[in-house]
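Peer 1: Below you will find the structure I want to go over with you.
Derivation of every value follows stated rules applied to the coordinates shown; laboratory data play no part. Source: prediction; values computed, not measured. Note: ideal-geometry Cβ built from the backbone for every residue, glycine included; neighbour counts use all protein chains shown.
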Protein chains: 2
Amino acid sequence: MLRGEITAAIRRALMQELAAVGYGRLSIEAVARRAGVSKTAIYRRWSSKLELVLEVVAAAAGGRLPALDTGGLRGDLALLFQVVTHALRHPLASQIIPDLLAEAARNPTIDETLQRVLRARQQEILGQLIERAVRRGELPASTDPGVAADLIVGPLYWRLAIARTPLTDSYLENLVESVALALGAPDTLPRQRAAPITG
Amino acid sequence: MLRGEITAAIRRALMQELAAVGYGRLSIEAVARRAGVSKTAIYRRWSSKLELVLEVVAAAAGGRLPALDTGGLRGDLALLFQVVTHALRHPLASQIIPDLLAEAARNPTIDETLQRVLRARQQEILGQLIERAVRRGELPASTDPGVAADLIVGPLYWRLAIARTPLTDSYLENLVESVALALGAPDTLPRQRAAPITG
């Protein structure tokens, strides 16, 4: 294998091993075996298990997202929910991040790195979504991006990652409307319900 | 120690050990050492590490909550958020449950037990809260308890357990209002803003 191929193989093996056994039981030896390289090849690149895990996971979680600008708050939320639903089916989000979050409660270095990576991504994506909605007059200018982030991400994360309740067809549609209302967007349903029949 | 005292000491030691090292690294030997008992004393009561962990955690998480009936939806939400905020500061919720949830992604038995215990509790508490609000006419009769549960629990769980952003003073007040709107409760703010000055 070439140098770059070895590094890529280690990254892949680390992610698979982390999903399979979790941080607590992960050994550099098992990662090396899975990647088909020597332990030395790993220690030449990363000084410790902690450094290896944090660097590889941060790089994987930091990948670029497509632009989420649909021209309207409800459209943006619908698209974001689809992306999040898809992402939460990937082992990175469904197994590795929860495992490291649990580990973070015991390890300040893991905590700090995860917070930095996850929070920066979240602030970037949700910050822009809210800024656009405020600019279009769909949300009040006083909208607190931090509170808004909890309202947008929390329910779907809770359902898929914690309660692990399957989504029904209409669930995401209802969630878009509920979250839009929670954020302070004008209610569009009464207008639909109460539209006068004219002509 | 008496028989009951030994069992209680093992339960306590298990919870402390689980918070400290997580499920993956937990050993019966360390639990025995911490409890000041022999490994045999543990294996006499529980047949395996998995059985020990699940039984003790399920018993701890299944404890009774105070009644949450304040006579109004917003009051009920405010009280529930206080209880959840308090609970999420306890090691059981902040370290042990997240760790086991991560483990559950790899272990169907853990997954099943957690789902059974956590979901039953959630359905009981939130189901009653929503039922009362519907009966009082504060929420539509069509309210889906599952969706409502995500909207009620998700944002606060995300903030405290995942993003780990500290609460500000006004945060819970805002959250009560946002979640009430998300659930479809009538907006009380415009009335307050637009109250005509009479007399």
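Peer 1: Considering Cα pairs under 8 angstrom that are at least six residues apart, work out the relative contact order of chain B and quote it in whole percent. Don't skip to the end; give the middle numbers.
Peer 2: On the way: 136 pairs, mean separation 39.9, N = 199.
Relative contact order of chain B: 20 percent.
Peer 1: Hey, another quick one. Using every Cα-Cα pair within the range A:3-59, state what percent have a distance larger than 18 Å.
Peer 2: Of all Cα-Cα distances in the range A:3-59, 17 percent exceed 18 Å.
Peer 1: Here's another thing I want to ask about it. Mind computing the radius of gyration and Dmax over the alpha-carbon atoms of the range B:40-136? Å is fine for both.
Peer 2: 16.2, 56
Peer 1: With equal scatterers on the alpha carbons only and no solvent term, can you work out the Debye log10 of I(q)/I(0) for the range B:85-165 at 0.19, 0.24 1/Å?
Peer 2: One equal scatterer on each Cα of the range B:85-165 leads to -0.94, -1.19.
Peer 1: Of A:169, A:69, A:111, which is the most mobile in a GNM of chain A whose springs link Cα atoms less than 10 angstrom apart?
Peer 2: With Cα springs under 10 Å in chain A, the top fluctuation among A:169, A:69, A:111 is at A:169.
Peer 1: Follow-up question, since we're still on this one. Summing -39500 (n - 2.57) over the DSSP H runs of n ≥ 4 in chain B and dividing by its residue number, what mean residue ellipticity at 222 nm do you reach, to the nearest 500 deg cm²/dmol? Please list the in-between numbers first.
Peer 2: Values: 10 runs with 134 residues, N = 199.
So the calculated ellipticity at 222 nm is -21500 deg cm²/dmol.
Peer 1: A follow-up question, please. Using all alpha carbons of chain B, what is the percent of pairwise distances in each 5 Å bin, ordered from the shortest bin to the longest?
Peer 2: In order of increasing distance, the bins hold 1, 6, 13, 16, 15, 13, 10, 8, 6, 4, 3, 1, 1, 1, 0, 0, 0 percent.
Peer 1: Let me ask something else about it. Among A:165, A:101, A:22, which residue has its Cα furthest toward the positive end of the charge dipole of the protein assembly as shown, with +1 on Lys/Arg Cβ and -1 on Asp/Glu Cβ?
Peer 2: Toward the positive end, the furthest listed residue is A:22.
Peer 1: What is the pair-distance distribution P(r) of the protein assembly as shown, computed from all Cα-Cα distances in 20 Å bins starting at 0, with each bin given as a whole percent?
Peer 2: With a bin width of 20 Å, the distribution comes to 24, 52, 21, 3, 0.
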